[in-house]
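A.B. asks: Structure below; questions to follow.
The values are calculated or read from the model by the stated rules, or taken from the named source; none is laboratory data. Here the structure is a predicted model, which means the values were calculated and not measured. Cβ coordinates were reconstructed from backbone atoms using ideal geometry, including for glycine residues, and neighbour counts include every protein chain displayed. These accessible areas exclude ligands, DNA and RNA; they are computed on the full protein's heavy atoms, side chains included. Shrake-Rupley method; radii C 1.70, N 1.55, O 1.52, S 1.80 Å.
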Amino acid sequence: MTSAALRVVVADDQELVRTGFCVILEASGFTVVGEAADGAAAVALAASERPDVVLMDVRMPVMDGLEATRLITAGGPDAPKVVILTTFDLDDYVYEALRSGASGFLLKDAPRADLVAAVRVAAAGDALLAPSVTRRLIEAFARRPASAAPAPSRLASLTPRERDILLQVARGRSNIEIARELVVTEATVKTHVGHLLAKLGLRDRVQAVILAYETGAITPGRPD
């Protein structure tokens, strides 16, 4: 999917921040189909415009980004992908946003190239955002108690190869890195990732990472 084909909604309660993101996105060939100053407006725009990606601030009036993310991603695999915008890389809200279906997160002071890459990556569902930061985030997230952690048997339907790839995904590795590690083609990795997501009823890689930690398939701090 090319950037020109990607439709984006920008949700942030600060007008200057929204404007800055919109300028960068449109200059990079994306189509900004709407701006929202609160979570409720973001949900309405996601429903009416059907964007590929919503850039979502966490702290907004009327409805916060967490609830808005939950409502937007409730539409299933065809729902818009949500990238959380945050000032702090370990903002407490981000943990719950990932549980709510966000595809990743982006720091508001990230370089322009990272913003552009984040939208492309989220739309493709092909890799985690900022792997070095995401690893820290996921490990910290995994230490938080889950109200109803899934049983390890949830992974029983996976083949040994799919399980191997799930563990690599959970360590924040891209398809290219996984292909090199397992000595297979990138296309093969993509196929296996698609199969394991379908078997586990997950919408993207972030949910796969969370499930891997919650089932104990991988534990924080385990050496690669």
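A.B. asks: Look through region 152-168, keep the residues that are open to solvent by less than 70 Å² (accessible area, probe 1.4 Å) and in contact (Cβ under 8 Å) with a residue 40 or more places away in the chain, and return whichever of them is farthest from ALA208 (Cα to Cα).
C.D. replies: Across region 152-168, the extreme among qualifying residues is SER157.
A.B. asks: Condition check: farther than 20 Å from GLY104 by Cβ and over 20 Å from the mean Cα position of the chain (by Cα). Does SER48 satisfy that?
C.D. replies: yes
A.B. asks: Just to be sure before I move on: is GLY75 touching a residue at least 40 places away in the same chain (Cβ under 8 Å) and small (Gly, Ala, Ser) in the structure I sent?
C.D. replies: So GLY75 fails the test.
A.B. asks: Which ranges mark the strands (runs of 3 or more DSSP E) fully within region 2-81 that have 2 or more residues being open to solvent by less than 30 Å² (accessible area, probe 1.4 Å) and closer than 27 Å to GLY194 by Cβ?
C.D. replies: By residue number, 7-11, 53-57.
A.B. asks: Right, here's the next one. Which condition breaks for LEU90 when tested against (1) open to solvent by 10 Å² or more (accessible area, probe 1.4 Å); (2) assigned to a strand (DSSP E or B); (3) modelled with pLDDT under 90?
C.D. replies: Of everything listed in (1) open to solvent by 10 Å² or more (accessible area, probe 1.4 Å); (2) assigned to a strand (DSSP E or B); (3) modelled with pLDDT under 90, LEU90 misses just condition (2).
A.B. asks: Can you find a residue in region 156-165 that is at pLDDT 85 or above, in a helix (DSSP H, G or I) and under 17 Å from the mean Cα position of the chain (by Cα)?
C.D. replies: Scanning region 156-165 turns up no residue that is at pLDDT 85 or above, in a helix (DSSP H, G or I) and under 17 Å from the mean Cα position of the chain (by Cα).
A.B. asks: Give all pairs with beta carbons closer than 7 Å in which a residue from region 197-215 that is charged (D, E, K, R) meets a residue that is surrounded by fewer than 19 Cβ atoms within 10 Å (Cβ to Cβ) and at pLDDT 80 or above; count only pairs at least 6 apart in sequence or on separate chains.
C.D. replies: LYS199/SER157; LYS199/LEU158
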